[in-house]
Structure formats: structure tokens, C-alpha cells
Amino acid sequence: MEQLTRNAYGKINLGLDVLGVLPNGYHQVKMIMQTVDLHDEVTVTLVDATGITMDVTLEESSAVLEADENNLCVKAAKCLLSDANRTDVGVHISLIKRIPIAAGMAGGSTDAAAVFCGLNELLQLGYSQEELMKLAVTIGADVPYCIMGGTALSEGIGEELTKLSDAPAWTVLIGKPPIDVSTKYVYEHLDMAQNVIHPDIDGLQQALADGDLDRSADLMGNVLAQVTEPAYPVITEIKELMKQEGARVAMMTGSGPTVFGIFSKEAEARQAEAVLRASGLCQQVHVTRLTKGEGARE
Ligand code: ATP
């Protein structure tokens, strides 16, 4: 087999808390990560010439993403081939991009994860999922989670992962406004903020395990929204619109600016999708659902 395609699934944070700053300056987090069905497609092909090349097809024309050595796909391929002493091979990576970029959905990390898993399989390198995850953390703190997928508790700086039972396949509406949010700005302002309200991640974990949408919705929360939302009121507008259209909960993922709403019925989410598109508040809108993803196929 000379070519292999993997879906690279995006994530949302059903819960996101920041516990403090570590002596090395990194933030200590406690998050519930959740894979969604919205995905990029990553194809890895073995080619004759040595080295790594790639091309990107953007499904959203307004986004920009270079297919160069800064792309996390290329970084992942370099990292794995060098670790496996297989720099003798040539690889071409084709990426079809749908996940909003720099938007709190780990789009780059999941593409990197797909390259790790895809090349491992294509070249029969024999890495276990755990070994791939250990290597992948050098590319980014979220990459190990993207290799694992599903519902997970993420602690430490995001690299300490505990697999949780899969959340139900609830329908999710995703909307990304046409703004860029600096992750650095959000964390710095959180450090200075007073009277921060922290979500109950333990309670949420239990409610999700029980498959209880109402209780989960009440407990979902993102501590970073207390910084990002006042700075970018469009995020609050999108949340309000989703709630008016029947979302059980609507909140921001990661440091933003993407907002997601969870609906108990897909028809309601489709109706809300139409209203959100017509509102002009978002650049990208998708209806998707929670999923456990593919995991690392070996
Ligand atoms: P996280 O949720 O992990 O904070 P994010 O969703 O905020 O991630 P990404 O979409 O992963 O952000 O993009 C972050 C940066 O990484 C962007 O500035 C982008 O240019 C760069 N990048 C490199 N490779 C990729 C890729 N394959 N897909 C998306 N972004 C990439």
C-alpha cells in the first residue's frame, strides 16, 4: 500500500479550567476534551524523491494556511521519520482543510496526529499508540490527545490524559466569527483577572458519564470565556443566538473564538444553522456531532 487517507477530527472543550501558573510559566489546566465529527482529510503518499512535501486545499476561501515546513503536518512527518531512522523515504502529504484555523478546535494538532498515525501504518513502523503519543507531545501539547480521540480529561499542561467513557453523540452547531484571538492575550489577562469563576470539571465528568444532557449542559463552562467574551462581544452574540434557537448550552471552545451549541434534536440544530448563517456573525458554520473518532488504527 503506497497511500493512505485518514480523517483528522476536530475537538471542542466541554469544560475548560485553568488551575494556576507553574514555575516554568506554563498554565496548569483541567479540561474535558471531546472529539467532533467535523474533520480534515490527510493523505500520506510514498514518493520516489526523498524529503517531505505537501499541498493544502482550503474549503473556506478566506483562510490562509501555508504548505511549508511550519505546517504541523510536515513537522509531524519529520519528527516521526527521524525518530524511526527512516529519512531515506519520500513522503507527500495532501491536506483538505475544513476545521476552522486558529480557532480553539486543535485543527493543526489533529492534522499532525493523523500524519503520525498514517505514516506509522503506511511504513509499518510498529509504534504503539502510547509510543506515538509520547513522541507527538514534542510537536504540541494537544497532539497526544488528538491521537487518542474521544472523551478525555486533560491535566498538567494538557499532556496528562485520562480516557473517559464516550459522551453521547449529541448534535453540535459550530460557528466561528471572522476574528482572530491571541491565545497569549487570553492567558495573560486571565492571570490578572479578579474573582474568576471556575467550572466544576469533576461534576461535569460525572454528568457526562451518566449521559445526562441537562445536567452536563448546566455544568459545562470555559474559564477563558471570562477574558475573551468581554474583549470580543460577537462571541456573546453568537451564544445568545444559539440559545434562542434552542441550544441546551452554547459556549466558547479553547481560547476562542469558535462557539459551539449542543442541541437535543438535529432538526433544531439545522434550523439554528440557517439562522446563524443569515445573521452574518460567522465566517464558518457547521453542524456536526460528538464522536469518539477513529483512535490510532494499528
Ligand atoms: P488549539 O485548540 O490546540 O489551541 P487552534 O485550533 O487554536 O489550536 P490551530 O488551528 O491548530 O489552532 O492553528 C494554530 C496555528 O498553527 C495557526 O496559526 C496555524 O497557522 C498553524 N498551523 C500549522 N499547521 C497547521 C495545520 N495543519 N492546520 C491548522 N493550523 C496549522
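For the reader, a short list of remarks on this structure follows.
- Qualifying positions in the stretch 257-278 - closer than 21 Å to V234 by Cβ, in contact (Cβ under 8 Å) with a residue 40 or more places away in the chain and part of a helix (DSSP H, G or I): A269, A272, E273, L276
- For the stretch 243-260, the set of residues classified as within 15 Å of the chain's Cα centre (by Cα) and either farther than 25 Å from T183 by Cβ or within 13 Å of the ligand (Cβ to nearest atom) (or both) consists of M252, T253, G254, S255, G256, P257, T258, F260, listed by residue number.
- The residue pairs whose first member lies in the stretch 229-256 and is without any contact (Cβ under 8 Å) to a residue 40 or more places away in the chain and closer than 21 Å to R289 by Cβ, whose second member is basic (K, R) and within 16 Å of the ligand (Cβ to nearest atom), and whose beta carbons are closer than 9 Å, counting only pairs six or more residues apart or on different chains, do not exist in this structure.
- D55 passes every criterion in (1) more than 9 Å from the ligand (Cβ to nearest atom); (2) touching a residue at least 60 places away in the same chain (Cβ under 8 Å); (3) surrounded by fewer than 21 Cβ atoms within 10 Å (Cβ to Cβ) apart from (2).
- Residue selected from the stretch 27-52 under the condition away from the ligand (no atom under 12 Å from the Cβ) and among the acidic types (D, E), by the criterion surrounded by the most Cβ atoms within 10 Å (Cβ to Cβ): D37
- Applying a threshold of 6 Å to beta carbon distances and a minimum spacing of six or more residues, or different chains, the list of pairs starting in the stretch 93-122 at a residue that is under 16 Å from M148 (Cβ atoms) and ending at one that is assigned to a helix (DSSP H, G or I) and within 6 Å of the ligand (Cβ to nearest atom) reads D111/L72; D111/C73; A112/L72; V115/C73.
- Any hit, the stretch 4-26, residues being open to solvent by 70 Å² or more (accessible area, probe 1.4 Å), within 16 Å of the ligand (Cβ to nearest atom) and within 30 Å of N195 (Cα to Cα): yes
- None of L208, L132, L125, L224 is modelled with pLDDT of 95 or more, of a type outside the set (F, W, Y), under 27 Å from V285 (Cβ atoms) and more than 16 Å from the ligand (Cβ to nearest atom) except L208.
- Taken over the stretch 58-81, the criterion of being among the charged types (D, E, K, R), buried (at least 16 other Cβ atoms within 10 Å of the Cβ) and within 9 Å of the ligand (Cβ to nearest atom) is satisfied by K75 alone.
Here's the yes/no breakdown for (1) basic (K, R); (2) on the phi < 0 side of the Ramachandran plot:
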{"site": "K176", "(1), (2)": "yes, yes"}
{"site": "I179", "(1), (2)": "no, yes"}
{"site": "Y187", "(1), (2)": "no, yes"}
{"site": "Q206", "(1), (2)": "no, yes"}
{"site": "I235", "(1), (2)": "no, yes"}
{"site": "I238", "(1), (2)": "no, yes"}
{"site": "K243", "(1), (2)": "yes, yes"}
{"site": "G246", "(1), (2)": "no, no"}
{"site": "A250", "(1), (2)": "no, yes"}
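- All helices (runs of 4 or more DSSP H) inside the stretch 82-170 with 1 or more residues being open to solvent by 20 Å² or more (accessible area, probe 1.4 Å) and within 21 Å of L46 (Cα to Cα): 107-122
The values are calculated or read from the model by the stated rules, or taken from the named source; none is laboratory data. In this text the structure is predicted, and so the values were computed from the model without any measurement. Note: ideal-geometry Cβ built from the backbone for every residue, glycine included; neighbour counts use all protein chains shown. Protein only, heavy atoms only, side chains kept; ligands, DNA and RNA dropped before computing areas. Shrake-Rupley method; radii C 1.70, N 1.55, O 1.52, S 1.80 Å.
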